[in-house]
Amino acid sequence: MQSDPMDIKDLIRTIPDYPKPGIMFRDITTLLNDARGFRCTVDQLVQLNVVSEIDIVAGIEARGFILGGAVAHQLGKPFVPIRKKGKLPGETIGVEYALEYGTDTVEMHIDAVTEGQCVLVVDDLIATGGTAEAAIKLVRQAGGKVIAASFVIDLPDIGGRKKLEDMGVEVQTLCEFEGD
Ligand code: AMP
């Protein structure tokens with residue numbers, strides 16, 4: 001059963017000053033907590049990719065697991081988790097990326113993506129694009145080809161979309177919030 005189109009933006013809650021002063025946190029738990037909203041979100045992400053040649057859906061920890069897992073299920077494709085450093089039990093490859101203060105690393109199992117596989121990367125939100133950029137580099141390091149990067153939310157004033165497009169990746173987003 002497919003959901004009716006609806007404005008999922010209305011179901012996303014904004015929490016000011018989380019996790020620190022000045023940040024407007026776009027909280028998708030309220031969207032996930034609405035059965036129609038969750039279904040509609042997943043349906044829209046699936047619709048954008050149903051005709052593409054995708055071998056694997058890769059979700060970025062942690063909210064990308066919830067969305068990416070559902071998208072993979074619906075597309076009938078496998079799911080691969082891209083996790084923060086030290087969380088995966090097997091042999092991994094990693095890519096470091098810059099944060100406002102310091103660095104972070106995303107990792108993936110070394111055998112999760114093989115040469116030439118087409119990968120859809122999924123997360124809840126794109127801000128600077130730093131996290132997704134690292135995830136894309138990770139997939140490419142494994143020999144995979146990133147077909148598109150899908151997000152529920154774009155923060156267009158921050159400019160992450162352009163960063164990914166400059167890498168030659170199609171960026172898909174379902175709604176936008178002004179500001180940062
Ligand atoms: P970035 O690497 O700057 O594109 O940040 C994207 C990641 O940080 C995603 O995994 C988001 O879940 C999280 N994130 C960044 N900014 C926000 C925000 N304003 N509200 C909610 N999540 C955010």
query: Out of region 81-180, which GluC sites (Glu not before Pro) are coil in DSSP terms and have no more than 14 other C-beta atoms within 10 Å?
result: GLU91, GLU100, GLU115, GLU178
task: Using just the helices of the chain, give the 222 nm mean residue ellipticity in deg cm²/dmol: DSSP H runs with n ≥ 4 each add -39,500 (n - 2.57), and the total is spread over all residues, rounded to 500.
output: -8000 deg cm²/dmol
Residue-level accessible surface for LEU75, protein heavy atoms, 1.4 Å, Å²: 30
message: Let me make sure I get this right: for region 28-180, a, b and c are the square roots of the gyration tensor eigenvalues over alpha carbons, sorted descending. Under 1.5 in a/c it's rounded, otherwise prolate if a/b > b/c, else oblate. Which is it?
response: rounded
message: Given a 1.4 angstrom probe, what's the average accessible area per residue across region 50-176, in square angstrom?
response: 45
statement: Candidate cut points under trypsin sites (Lys or Arg not before Pro) in region 75-180, DSSP loop plus at most 15 other Cβ atoms within 10 Å of their own Cβ, are LYS85, LYS87
- line: Ranking TYR18, TYR97 from most to least accessible area with a 1.4 Å probe gives TYR18, TYR97
- line: Sequence order, region 36-52: Karplus ³J(HN,Hα) from phi using 6.51 cos²θ - 1.76 cosθ + 1.60, θ = phi - 60°, Hz rounded, Gly and Pro as x, gives 5, x, 5, 4, 5, 4, 5, 4, 5, 5, 5, 4, 5, 10, 5, 8, 7
- line: Among LYS77/LYS145; LYS77/LYS163; LYS137/LYS162, the pairs whose Cα-Cα distance exceeds 20 Å are LYS77/LYS163
Debye, to nearest 20: dipole size of the chain, +1 on Lys, Arg Cβ, -1 on Asp, Glu Cβ: 340
- request: Evaluate the charge dipole of region 24-111 about its Cα centre and quote only its size in Debye, nearest 20, assuming +1 on the Cβ of each Lys and Arg and -1 on the Cβ of each Asp and Glu.
  value: 320
message: Solvent-accessible area of THR105, probe 1.4 Å, all protein chains present, reported in Å² to the nearest ten, please.
response: 20
- prompt: How high is the relative contact order of the chain, in percent, with contacts defined as C-alpha pairs under 8 Å that are six or more residues apart?
  reply: 17
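The values are calculated or read from the model by the stated rules, or taken from the named source; none is laboratory data. Values in this document were obtained by computation on a predicted structure and should not be read as measured data. Methodologically, a virtual Cβ is constructed for each residue, glycine included, from the backbone with ideal geometry; neighbour enumeration extends over all protein chains shown. Ligands, DNA and RNA are excluded from the accessible area calculation, which covers all protein heavy atoms including side chains. Shrake-Rupley method; radii C 1.70, N 1.55, O 1.52, S 1.80 Å.
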